[in-house]
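For reference, the structure discussed in these notes is given below.
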Amino acid sequence: MPFVSPVRVCSVLGAMLLAADGGTVALAQAPSSQPRVTLPPVIVTAPKEPTDVKDVPGSVTAVTSDTLAASGARIVSDVALLSPNTFFTEFTARKSSNPRFRGVGASPANPAVTTYYDGVPQLNVNSSSLELLDVSQIEFVRGPQSPLYGRNALGGIINVASSRPSLSGWTGSVMVPFGNVSAREVRGNVSGPVGERVGVGFAIGTQVRDGFTVNDLTGNDLDSREATFGKAQLLWTPAQNWEARVIFSAERDRDGDYALADLDLARTQPFHVQRDYEGYTHRDVTGTTVMLRGEGERVTFTSSTGFVSWKTEDATDLDYSPLPLATRNNREDDFQFTQEVRAASGVNAPVQLSDTMTMKWQAGVMFFTQGYEQVAVNTLAPFVLSPFLDFPVAQYSPDSALDDLGLGLFGQATLTLHEKLDFTLGARYDYEDREARLDSYYVPAIAAPSTVDDQRGYSNTSPQFAVGYRVRPEVMVYGSISEGFKAGGWNPASPVGNESYDEEHAWHLEGGVKGSFAGGKVFASAAAFNIDWIDLQFNVPNPLVPGQFYIANVGGAASRGVEFELKARAHSTTEIFGNLGFTKARFGSNTFSSGVDVSDNRVPNTPSYTATLGANLEGPVSDGITLFGRAEAVFYGEMEFDDANTARQEAYSLVNLRGGFRTRYFFADVWMKNAFDTRYVPVAFSYFGFAPSGFLAEVGRPRTFGVSAGVTF
């Protein structure tokens, strides 16, 4: 497989940085306003109250709207490279996007890293990867967040916040990107006041592209994409310290089939498959969020109400071969309701306990319901199941309905001594009731059906303790210990006797240092962590149903590593950024998966290291014209594809480039991703029976390039 060496990548990037440095001199000679030679402060909301990132006793990477625009990000995973020890296992189907932090990840229906959009959790990954419209910031919060967020934050959270509608004047933009593989897109947004205290915002977009993968039997491209998406917002500020905000979003995806192929074939003949059946992956997602916030002198009140509804339908050639052996049609529907009410100490007004001690606090309650249905049908040709069955068989696995109801109570307090030493204590109690109706059967009835109609309850208390010491006002050393958990539940489909699984717990110990240096020109952080899992929930293949996985508690695991982040403003026109993470995640002793001892094996889908090095260049060249450019090199270490460690992806690297210009009302740029056209396989999984190698895989995105142009006002 072609591989771009880190030496070559760094050489190219170094040359670009030298060119940028030379450009800095030229740009500096042009007339300009007072240069900004310090990094702006970054406020994050993942702690549930706005907090300077330097004061959070944990690992948080905040990606601001400026960086999102500079990188050309379209979905959350596009900027995951800026967060160390972060990796996404993604398929060509948009609904399959699974984030992993420090080796922690899990089933799509029971994620260990949950994505939040404007405070609303996406309890299934089918709705977690959406087009980014009017987004102000994305926060990658690594480490258990269960003390504040509950059940599905064992590995951390991804916090996505929408931009606020403008109350001061009307602004907007329209952008039209074009690229190879016939990629074309239109995005537009507008925001402004409709009264003294009311603002509105609207954003809409549509995109389409051909597929990267060709079906050699028909000559058709397979994994095309087409989507329409939008967002509408209303902001009302009835009083100085009160506001109400309503956000409605929707996305309609009509994509092609999965680009899956046998692992060996994917490596020797990338982007080529041979199938007698060409399927599709469709998804519709809508969400409504209602946020209320009131800020008093002593108490701040917040309410967040969320409605999320999604449905998917996908069909594919289940044998992934030229033979008419098996096809699969899968339909899923989900509706969730969440309500959180929270009170906290006043903004910038902690409780004064003594002359030298203050306290910030927050407490709240969260309630949710979720209803999920799935009907999946495998249509098997004659003789596939048995040489004695000379007729087609429809295997329903599953025909299921899952209903969840949960309640969480949480609280946190931070004591500060002499404005230097912080002690944080927090805890959350969660209770969850889960009901299941699970049916698996054949048509015609060649075997007895399997039916489950049951209910289980789960409860847990997650504690947290952290301490932070400000060596200087802008530099903090911290340490923390906390427990994360995931509730147990039901598998929509599984072998008999494996219909349910138990809770998973993990203790997380972390220490680090973060802060601003060189007069605010540099932000840097370093952290070391240790994670110990108990009753690890793990996706294992169902031996009775091709391509189907279920959750099982396989034993224990541990993950240890370090992380480094750096951002520096070398000049008013030049910003350099980088991160580096190492993770050693292995199964514990006496850990068995699918009856096989996997003790001390590497936890799959966890690169041994991740690293990014890049630079932004921006500055005026004449009155009204600004040039900008961005280059980033990304490195991933080797990783295993399965728990038995029988197949792996070796280390690889990618380079992304972007550059252009803008005036007051017009902008244009050119961009290239995977500039050296590196071949790699980011996702593969066990698939015995139809795949000769025992694995199905998808090849990573090839080199893509294009131009964008637009107007702003």
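The values are calculated or read from the model by the stated rules, or taken from the named source; none is laboratory data. In this text, all values refer to a predicted model and were calculated from it rather than measured experimentally. Glycine also receives a Cβ, built like all others from the backbone with ideal geometry; neighbour counts cover every protein chain displayed. To get the accessible areas, we keep the full protein, side chains included, count just its heavy atoms, and leave off ligands, DNA and RNA. Shrake-Rupley method; radii C 1.70, N 1.55, O 1.52, S 1.80 Å.
Take every Cα pair under 8 Å in the chain that's 6+ residues apart, average their separations, divide by the length, and report that relative contact order as a whole percent.
Once divided by the residue count of the chain, the mean separation gives 13 percent.
What ranking of Y429, Y636 comes out by heavy-atom accessible area, probe 1.4 Å, highest first?
Y429, Y636
Using a 10 Å Cβ count of at most 15 others and DSSP loop calls, identify the longest part of the chain lacking such trypsin sites (Lys or Arg not before Pro).
So the longest stretch without any such site is 421-663.
Please report the spacing between the Cα centers of the stretch 572-607 and the stretch 628-675 in Å, no decimals.
The distance from the Cα centre of the stretch 572-607 to that of the stretch 628-675 comes to 20 Å.
Note down the Stokes-Einstein diffusion coefficient of the chain in µm²/s, whole number, using a Kirkwood radius over alpha carbon pairs, 37 °C, and 0.692 mPa s.
123 µm²/s
Quick one: compute the contact order of the stretch 349-438, relative version, from alpha carbon pairs under 8 angstrom and 6+ residues apart, as a percent.
Relative contact order here is 31 percent.
Can you tell me, using C-alpha contacts under 8 Å and at least 6 residues apart, the relative contact order of the stretch 460-505 as a whole percent?
30 percent.
Please compute the Cα-Cα pair-distance distribution of the stretch 51-110 with 10 Å bins starting at 0, giving whole percents from short to long.
All Cα pairs, binned at 10 Å, distribute as 18, 43, 33, 5 percent.
Please report the carbon-and-sulfur percent of the accessible area for the chain; probe 1.4 Å, protein heavy atoms only, DNA, RNA and ligands left out.
In the chain, the share of accessible area belonging to carbon and sulfur is 60 percent.
Quick one: accessible surface of F410, probe radius 1.4 Å, all protein chains present, in square angstrom to the nearest 10.
10 Å²
Strictly over 29 Å apart at the Cα level, which of K231/K486; K311/K567; K486/K584 would you flag in this model?
The answer is K231/K486; K311/K567.
Could you state the accessible area per residue of the stretch 45-169 in Å², with a 1.4 Å probe and every protein chain left in place?
Per-residue accessible area for the stretch 45-169 comes out at 21 Å².
Can you pull out the GluC sites (Glu not before Pro) in the stretch 297-362 that DSSP calls coil and that have at most 16 other Cβ atoms within 10 Å?
Here the GluC sites (Glu not before Pro) that fit, given the DSSP loop and packing criteria, are E297.
Can I get the semi-axes of the stretch 531-663's equivalent ellipsoid? Compute them from the C-alpha gyration tensor as square roots of 5 times the eigenvalues, in angstrom, largest first.
Largest first, the stretch 531-663 gives 44, 17, 11 Å.
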